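The values are calculated or read from the model by the stated rules, or taken from the named source; none is laboratory data. Remember, predicted model here, so these are calculated numbers, not experimental data. Heads up, the Cβs are rebuilt from the backbone with ideal geometry, glycines too, and the neighbour counts pull from every protein chain shown.
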Amino acid sequence: MNRWSGRLTGAATVVALTGTLTVGSLTGGTAAATGQLRDYLVFYTDGAQDQAIAAIRAGGGAAVSTEPKLGYIVARGPGARFVEDLAGSDAVAGVSSDRRIGSATAVSSDRRTGSTTAVPSDRRTGSTTAVSSGRRTGPATAAPRTGSEVPAGRSASDIREVVLADDEEPLAGRQWDMKMIGATADGSYATAPGSKKVLVGVIDTGVDGRHPDIAPNFDRALSRNFVTDRPKDSKGQTFDGPCEFKGCKDPVDWDDDGHGTHVASTIGSPINDLGVAGVAPQVSLVNLRAGQDAGIFFLKPSLDALTYAGDAGINVVNMSYYVDPWLFNCAANPADSKAEQLEQRGVITGMQRALDYARRHGVTLISALGNELTDLGRPKTDTTSPDYPADSTRVRKVDNSCLNVPAESKGVISVSALGTSGRKAYYSDYGLEQTDLSAPGGDEYDGTKDPDVTRTILAAAPEHVLRAQGLIDRDGRPKNSSVLRDCRGDTCAYYQYLAGTSMAAPHATGVAAILLSRFGKPGKGGVTMAPADVQRLLYATATKKPCPSPRRYVYRIEGQKFPQVCEGSKSRNGFYGRGMVNAEKAATVTR
């Protein structure tokens with residue numbers, strides 16, 4: 001389990017929403033009388049809903065609706081003074097803007113990293129370049145190099161013939177990650193490929209449910225989109241860009257970013273003689289979209305996604321992102337204003353309540369750890385927060401009382417990333433208290449001087465996203481080696497190399513799905529299994545990995561040195577947690 005140093009259990013919190021609400025009848029208040037109206041989530045303490053509503057009215061605001069499952073009120077009030085007035089109530093413990101809570105890209109574009117290195121940062125946990133800049137916990141790889149769709153001297157048909165002779169998928173030869181954890185034709189696929197009854201929720205930027213290598217396992221009926229696209233941010237700068245669909249509401253089988261599709265593919269692309277296969281190729285994939293097209297995750301969609309997961313019988317969710325606008329959420333950081341402190345308390349409290357609700361309802365929670373090259377037990381500086389709206393970032397000092405959410409939230413299994421050698425990837429966050437498991441996430445360097453994109457993770461990518469990024473030409477041919485195309489008859493599909501802890505987490509989620517398919521009992525949605533039991537078996541089947549010797553390992557990237565110290569024993573340490581997930585062991589372990 002992760003360290004829980006939040007001091008806000010049972011506390012009431014307010015979270016400001018930057019979006020708009022359709023307001024029906026307001027339950028009192030004079031919010032319209034003064035100031036610029038904004039929307040908030042007001043989390044109240046047990047039994048304090050009426051007091052919280054009274055505080056909202058006293059501050060000149062109005063209650064719009066309530067959410068008793070998580071104990072909050074949607075309120076509308078006149079700006080910052082309203083928020084600070086609420087903070088004076090015993091029923092209210094914090095006030096937080098509901099800005100994005102995370103995003104996604106390859107390591108070189110990790111928008112959420114905020115590291116002080118020359119390596120770009122992806123705010124998500126995965127991306128298509130060596131630490132890309134996405135707000136999620138993904139992509140972390142070096143810039144793509146030019147190259148063909150297949151290895152030099154070998155045609156696509158050659159690859160297909162070689163692979164099919166071994167009863168594998170056409171691009172299985174590129175999936176070093178699956179071989180590393182035993183998810184292969186002669187490994188876990190042979191005995192435990194998963195079950196359609198197991199529902200895997202992907203809380204991300206969306207899932208391309210029409211992708212030929214995802215569609216057979218995609219559950220459109222259960223999928224939901226909890227976000228509305230926002231063309232511009234609150235400063236009028238481009239955010240999501242022009243809306244593609246009526247009402248700025250994308251369909252449940254759409255992904256305008258690609259991060260969520262890559263994650264879903266790693267978890268559960270089917271064995272269908274096309275492209276790749278996921279860790280658990282027979283599970284059901286459910287899109288629980290909480291991320292904007294821009295790769296940012298606002299608070300309320302994440303709360304909604306987790307609540308829905310619990311109500312709908314989802315068995316396990318993958319969360320490859322972190323909660324914005326703060327990389328580190330600090331309850332009482334003297335470097336922050338009172339309003340900022342209240343905002344961060346809101347993120348901590350609101351997400352913890354939603355995570356607790358989901359877990360109580362049988363949802364196993366898995367998160368990417370992050371791409372900041374940071375010992376999360378000893379954070380010192382946050383250089384990326386707040387990251388919404390544009391141009392709001394500043395440098396601030398932080399300490400171990402500050403939390404990366406949801407990676408450091410209670411009840412969440414957090415995953416660090418490994419390279420092709422099995423060593424912790426240079427970009428991956430770590431920490432003795434924070435790292436629960438490790439899994440392949442890709443490292444385009446991994447002990448070498450020159451980057452190699454094939455050292456990262458290959459998985460499905462939406463064709464329209466690749467076209468928009470200029471990665472395929474008018475005729476559909478990939479323009480560099482970061483993208484591959486595979487065809488089966490008249491059906492063609494695209495795949496992309498990405499790296500990051502965003503790419504590591506879905507490997508763990510896939511292994512959890514294998515365990516659920518083997519040991520889950522009949523239940524709502526299909527099967528059910530206590531998250532504590534899933535966690536226990538994940539740890540029991542993991543391949544133990546000791547710290548490097550010496551423990552102070554120095555990564556050398558682009559002429560720079562990045563020393564990182566691994567603490568702990570072989571059974572549990574800051575680089576690898578309880579070990580590397582192992583699909584083959586999960587397929588054969590007994591309870």
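With respect to Gly579, is the statement that it is surrounded by 15 or more Cβ atoms within 10 Å (Cβ to Cβ) and closer than 22 Å to Pro440 by Cα true?
yes
Got a number for residues in the range 317-348 being under 21 Å from Gly88 (Cβ atoms) and crowded, with 24+ Cβ neighbours inside 10 Å?
Looking only at that region, the number is 8.
Glu444 passes all but one of (1) under 22 Å from Ile296 (Cβ atoms); (2) surrounded by 24 or more Cβ atoms within 10 Å (Cβ to Cβ); (3) not hydroxyl-bearing (Ser, Thr, Tyr); which number fails?
All conditions pass for Glu444, except number (1).
Are any residues in the range 356-388 in a strand (DSSP E or B) and among the charged types (D, E, K, R), and if so, which ones?
Once the filter is applied, which keeps residues that are in a strand (DSSP E or B) and among the charged types (D, E, K, R), the range 356-388 yields Asp375, Asp382.
Taking the range 64-95 as the region of interest, how many residues are modelled with pLDDT of 65 or more, surrounded by 24 or more Cβ atoms within 10 Å (Cβ to Cβ) and not in a loop (DSSP other than H, G, I, E, B)?
So the count comes out to 7.
Any idea which residue in the range 389-402 is surrounded by the most Cβ atoms within 10 Å (Cβ to Cβ), counting only those that are of a type outside the set (Asp, Glu) and part of a loop (DSSP other than H, G, I, E, B)?
Only one residue fits best here, namely Cys402.
Out of the residues in the range 267-298 meeting the condition of being farther than 16 Å from Asn315 by Cα and of a type in the set (Gly, Ala, Ser), tell me which one is surrounded by the fewest Cβ atoms within 10 Å (Cβ to Cβ).
Selected residue: Ala294.
Just name the residue that is nearest to the chain's Cα centre (by Cα) out of those in the range 208-232 that are without any contact (Cβ under 8 Å) to a residue 40 or more places away in the chain and not in a loop (DSSP other than H, G, I, E, B).
Filtering first and then ranking leaves Ala215.
Does Val405 satisfy the condition of being buried (at least 19 other Cβ atoms within 10 Å of the Cβ), of a type in the set (A, V, I, L, M, F, W, C) and assigned to a loop (DSSP other than H, G, I, E, B)?
So Val405 passes the test.
Residues Ser428, Ser385: which one is surrounded by 24 or more Cβ atoms within 10 Å (Cβ to Cβ) and either within 30 Å of Val286 (Cβ to Cβ) or among the β-branched types (Val, Ile, Thr) (or both)?
Result: Ser428 is the single residue among Ser428, Ser385 that is surrounded by 24 or more Cβ atoms within 10 Å (Cβ to Cβ) and either within 30 Å of Val286 (Cβ to Cβ) or among the β-branched types (Val, Ile, Thr) (or both).
For Tyr539, indicate whether it is of a type in the set (Phe, Trp, Tyr) and within 18 Å of Val465 (Cα to Cα).
Spelling it out, it is not the case that Tyr539 is of a type in the set (Phe, Trp, Tyr) and within 18 Å of Val465 (Cα to Cα).
Run down Leu437, Leu342, Leu369, Leu373 and say which single residue is in contact (Cβ under 8 Å) with a residue 24 or more places away in the chain and in contact with a Lys or Arg (Cβ under 9 Å, 6 or more places away or on another chain).
Leu437
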